[in-house]
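Asker: My questions will all concern the structure given below.
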């Protein structure tokens, strides 16, 4: 394993910190014999390394913290800004390689 991916058959409830709830549940279902197609999850390490490519991300996340829950227009606007920014980033070569090798 590269540290960036984990296959469903490697996952179970103890994998929650590495792949989140959906990934851990896919692993549990796979191990229990449910018809889960072969696949993998990107790990939280991959996500952190992806975010680290953006010098602006910390500032955007800080702005999210300051939003008031009743200001839906501002939330929507900043949410779009974050999405657009994330989509503009290049996935690091190591993460790309791990996905291709998966």
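No value in this document is a laboratory result; all are computed from the given coordinates. Keep in mind that this is a model prediction, so the values were computed, not measured. As a convention, Cβ positions derive from the backbone with ideal geometry for all residues, glycine included, and neighbour counts pool all protein chains shown.
Asker: What percent does the relative contact order of the chain come to when contacts are Cα pairs within less than 8 Å and at least six residues apart?
Answerer: Worked out over the chain, it gives 28 percent.
Asker: Angle, helix 16-31 long axis vs. longest principal axis of the chain, Cα atoms, 0 to 90°, nearest 10?
Answerer: The two axes meet at around 30 degrees.
Asker: Taking the beta-carbon count within 10 Å as an exposure proxy, list 91, 19 from fewest neighbours to most. Walk me through the intermediate numbers first.
Answerer: Numbers: 91 13, 19 23.
In increasing order of surrounding Cβ atoms, one gets 91, 19.
Asker: Ignoring solvent entirely, what values of log10 I(q)/I(0) come out of the Debye formula for the chain at 0.12, 0.16, 0.20 Å⁻¹ when each Cα is a single scatterer?
Answerer: Each listed q maps to, in turn, -0.54, -0.82, -0.98.
Asker: Tell me what the chain gives for mean residue ellipticity at 222 nm when only DSSP H runs of n ≥ 4 count, each as -39,500 (n - 2.57), the sum divided by the residue total, rounded to 500 deg cm²/dmol.
Answerer: -18500 deg cm²/dmol
Asker: Measure nothing fancy, just the Cα-based angle from helix 72-88's long axis to the longest principal axis of the chain, in degrees from 0 to 90, nearest 10.
Answerer: For 72-88 against the chain, the angle is about 60 degrees.
Asker: Could you order the peptides 42-53, 20-31, 66-77 from most to least packed, using the average number of other C-beta atoms within 10 Å per residue?
Answerer: 20-31, 42-53, 66-77
Asker: Taking the chain as the reference, fit the longest principal axis to its C-alpha atoms, fit the long axis of helix 57-66 to the helix C-alpha atoms, and give the angle between the two in degrees, 0 to 90, nearest 10.
Answerer: 70 degrees
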